[in-house]
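Before any comments, here is the structure.
Please treat every number below as a calculation from the coordinates, not as lab data. Since we're looking at a predicted model, the values are computed, not measured. Cβ coordinates were reconstructed from backbone atoms using ideal geometry, including for glycine residues, and neighbour counts include every protein chain displayed.
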Amino acid sequence: MEQKELERSEKSVLLDDILNSVPEETVSSGVEEPNENSGDNIPDQNQNASAESDTEAAEDAEKLPNADESSDGRDENTAEQDSEEFDGEEDEDYDDYEEEVPKKRKKKKRGHGHIIFGLLFSVVIISVSILAAVFILKCSKEFLAIGKSDIELVVDIPMNSSTLDIAEQLYSEGIISDPKLFRLFSKFKGADGTYIAGTHTLSPKMDYNTLIEELQAEAENQRETADVIFPEGITLFEAAQRLEEKNVCSADEFIKVFNAGGFGFDFEEKVRISSLKFYKMEGYFFPDTYQFYVEEDPRVVAKKIYKNFDARVTPDLYGRMKDLDMELEDVLTLASVIQAEAPDTKNMKMVASVFFNRLNNPDEYPLLQSDPTTNYVEEVIKPNIQFKSEAMFKAYDTYQGAGLPPGPICNPGLDAINAVLYPAETDYFYFCSNLETGEFFYAETLDEHNQNLIEAGLV
């Protein structure tokens, strides 16, 4: 569930990317303003330092003896030593002087930052332009309905529906791909509040202008409807016949469209593809009471049934399948056999335990031996198959083929599905029932089973 919703949000994500790609403006130049008192109140340190130096130099000159006097009575080593000491003292005073003199502030060289910033800004501008172009292109394709299906769908707009309600309904029916864009276009056209409730024939191929015009037009005359009941355990062939009897659509056309699928539901990806399967989508026609228009498009009928199945098989059920390490196809297949064998919830769970016990002991019990699987071969597959396939016949007949059939043999209801997911815990490997009373008999051994057959009036 997830591809259509991703497509739905793609344009919004693109718009967010465009907005997030714009860099923030620089709020400061980095230049500090001078202090108000920086000029007159600060003394000239260079001048003071120079005056002090001149005074000290004069005093030192007076203290120093002349050259002749200093040389008398001294050897060269003493003179050199005095000279070194003097030089050291002079260096210290010089160093102190250097520290007192403030250094001039060096001017910072301008780097290449402004060039790099310019390049980055250009890249951002180009990126934003590209994203904007892609966004506009996608929106244009949506507005103009480019590349969409030309199928016609009958849409009933309820009374007092807002533009938001209508947009969501058009999206759920597959007419539009983005409710937000439709609402935006509707507001731009000033069409909000002008839509007329009732029945409208629409198509995904219609551009937004045409859609709005159709929704503003007078609703069509109410079409004749037909309520069709599909009980638990009905086969796909039988369901198609009922649709044709009610003048909803052709049975052959419906079976063709229903097996083709392609309506975008997540469960379609879980359907097993096998050359041994007869009807690809047997088991996915959820039993229920449906209302259809007379002479309806088979795809509209099929999609409505798909949508109901998708809603009934909840995430909780999928979670339980995962816990049991079972695939949806296997659950539906076993549920279809149980649906055909047992009439009520209690016995469904008991029969489920028998089949699980056999499936978990394939060496001792390789065959499920269920009569309804044989009946499906004889009553459904053989009369309707174009080319005879002994391999298919054997695979579906659980008296000949090991394990589960290649696919469901009917369309189970929720009770049968839950019986597979939550079976009873027993040690039974056999069961039978009295066809007149409906009473069920269960056995752990073959001898017990043979005795039950007698009690059930089957032998």
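Okay, here's what the table says:
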| read-out | value |
| --- | --- |
| Using a Förster distance of 56 Å, the FRET efficiency for Thr225-Ile146 (Cβ separation, nearest 0.05) | 0.95 |
| Ascending count of other beta-carbon atoms within 10 Å, so fewest first, for Ser275, Ser250, Ser177 | Ser275, Ser250, Ser177 |
| Contour excess over end-to-end distance, with Cα ends at Leu458 and Ser162 and 0.36 nm allotted per residue | 100.2 nm |
| Extension gain (nm, one decimal) between Ala260 and Leu359, 0.36 nm per residue minus Cα-Cα | 32.5 nm |
| Equivalent ellipsoid semi-axes - Cα gyration tensor, the range 267-421, angstrom | 25, 21, 14 |
| Sequence-distant residues sharing a close amide H with Tyr430 (under 5 Å, placed H) | Ala443 |
| Burial ordering of Ser127, Ser389, fewest other beta-carbon atoms within 10 Å first | Ser127, Ser389 |
| Table column - 3J(HN,Hα) (Hz), the range 388-403, Karplus curve with 6.51, -1.76, 1.60, x for Gly and Pro | 4, 9, 5, 4, 5, 4, 5, 5, 7, 7, 6, 8, 10, x, 7, x |
| Translational D in µm²/s for the range 332-455 (Stokes-Einstein at 20 °C, 1.002 mPa s, Kirkwood Rh from C-alpha pairs) | 144 µm²/s |
| Relative contact order of the range 278-377, defined on C-alpha pairs under 8 angstrom at six or more residues apart (%) | 18 percent |
| Packing rank of 406-417, 260-271, where each peptide gets the mean count of other beta carbons within 10 Å, highest leading | 406-417, 260-271 |
| Where a label projected 7 Å from the Cα of Asn450 along Cα→Cβ would reach, residues of the range 402-443 with amide N under 19 Å | 429-433, 441-443 |
| Amide hydrogen neighbours beyond the local backbone of Phe286, cut-off 5 Å, H modeled | Phe309 |
| Alpha carbon convex hull of the range 225-312, projected area averaged over orientations, nm² | 5.3 nm² |
| Inter-part distance where the range 270-297 and the range 160-200 are each reduced to a Cα centre, Å | 30 Å |
| For Gly198, distant residues with modelled amide H under 5 Å away | Ile157 |
| Computed FRET value (nearest 0.05) for Glu218 with Leu324, which takes r as the C-beta separation and R₀ as 56 Å | 0.55 |
| Cross-link pairs beyond the 26 Å C-alpha cut-off, checked among Lys148/Lys180; Lys189/Lys304; Lys256/Lys388; Lys205/Lys246; Lys148/Lys307 | Lys189/Lys304; Lys205/Lys246 |
| Alpha carbon centroid spacing (whole Å) that separates the range 330-357 from the range 363-419 | 14 Å |
| Under 13 Å, Cβ to Cβ, from Ala342 - net charge with Lys/Arg +1 and Asp/Glu -1 | -4 |
| Fewest-first ranking of Thr373, Thr225, using other Cβ atoms within 10 Å as the exposure measure | Thr225, Thr373 |
| Sites Lys189 and Leu367, calculated FRET efficiency, Cβ-Cβ separation with R0 45 Å, nearest 0.05 | 0.10 |
